[in-house]
Every structure is written in structure tokens, then in C-alpha cells.
Amino acid sequence: QVQLVESGGGLVQAGGSLRLSCAASGRTFSSYAMGWFRQAPGKECEFVATISWSGSKYYADSVKGRFTISRDNAKNTVYLQMNSLKPEDTAVYYCAADPTGVPSSYRSTYRYWGQGTQVTVSS
């Protein structure tokens, strides 16, 4: 069993930055693929970014060039650096882990999920 705890959300003005963190329990974190998803009010949960066990990264088109996913296996933590934030980035952001290690944009491939952290971008 893996537990994921997100932090770093908050209220920021448009154009600002936030860094989300996701701390994972468990000894095999380094072999997992990690992903970030988000869900805005009244909308479906959508893929944001993913990083494989080896460090390959993939992003949704809507965040490419503004967001950066990274991981620190020594700290069992994955990060999402969010720059040039827009009001449409407002959502609850979720961290997810896939034990297969293969990065994916599909929610169904992730076995473990965090509780989410709220990000609000004001205009």
C-alpha cells in the first residue's frame, strides 16, 4: 500500500507560480510512474503531467512550457512546478502513482491517489 500526500496548493494571482509536492510512503517509490491530474468545478478530472521511473516526462498540451514535473527518489517526492498560472488552472490537483513505472495520461492506470490540494488562480 502506498500513501500519497499533496501539499503546496493555495491562492495566487494570474502570472504567478506555485510548486506542488507529493510525498509518498513505501520503499519502491523509485520504480513507480507518478502523475498529476486536476479537476476543476463541474469538469472531468484531466491529465496534467507524468514522469516515468527513469525520468521521462510528458505533459498535457494546456500546460506544456509552463509546468514542470520532477521527482526526488531520495525523498520519495514528486513535484509540479507551475509557472505563468492562469485562472483556468484553478482546480484540485491530485498526485497518483502507478507501480508499473510506465507513464500514462489515463487515470485508470494509476493505482494510488492522494487526497488533492486546491490551487486557485485569481485574475
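The values are calculated or read from the model by the stated rules, or taken from the named source; none is laboratory data. Because the structure is predicted, anything quoted here is derived from the model rather than measured. Methodologically, a virtual Cβ is constructed for each residue, glycine included, from the backbone with ideal geometry; neighbour enumeration extends over all protein chains shown. Keep in mind that these areas ignore ligands, DNA and RNA; they rest on the heavy atoms of the full protein, side chains included. Shrake-Rupley method; radii C 1.70, N 1.55, O 1.52, S 1.80 Å.
Annotations
- Odd one out for GLU44 among (1) of a type outside the set (Phe, Trp, Tyr); (2) touching a Cys at 6+ places or on another chain (Cβ under 7 Å); (3) open to solvent by 70 Å² or more (accessible area, probe 1.4 Å): (2)
- From LYS64, LYS43, residue being in a loop (DSSP other than H, G, I, E, B) and closer than 18 Å to GLN115 by Cα: LYS43
- From THR77, THR50, THR28, THR68, residue being out of contact with any His (no Cβ under 8 Å at 6 or more places or on another chain), farther than 21 Å from SER122 by Cβ and without any contact (Cβ under 8 Å) to a residue 24 or more places away in the chain: THR68
- Selection within region 73-92 - assigned to a strand (DSSP E or B), of a type outside the set (S, T, N, Q) and closer than 24 Å to ARG27 by Cα: VAL78, TYR79, LEU80
- The residue list LEU11, LEU20 contains one member that is open to solvent by 20 Å² or more (accessible area, probe 1.4 Å), modelled with pLDDT of 95 or more and assigned to a strand (DSSP E or B), which is LEU11.
- Number of positions in region 93-123 that are over 14 Å from VAL5 (Cβ atoms), hydrophobic (A, V, I, L, M, F, W, C) and within 12 Å of the chain's Cα centre (by Cα): 1
- Unmet criterion (only one of (1) among the charged types (D, E, K, R); (2) out of contact with any Phe, Trp or Tyr (no Cβ under 8 Å at 6 or more places or on another chain); (3) modelled with pLDDT of 95 or more) for ASP72: (2)
- Residues that are open to solvent by 70 Å² or more (accessible area, probe 1.4 Å) and under 15 Å from the mean Cα position of the chain (by Cα), drawn from region 23-41: GLN39
For (1) in contact with a strand residue (DSSP E or B) (Cβ under 8 Å, 6 or more places away or on another chain); (2) within 22 Å of VAL119 (Cα to Cα), each residue gets a yes or a no:
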position	(1), (2)
GLY8	yes, yes
ALA24	yes, yes
GLY35	yes, yes
TRP53	yes, no
ASN73	no, no
LEU80	yes, yes
SER84	no, yes
ALA91	yes, yes
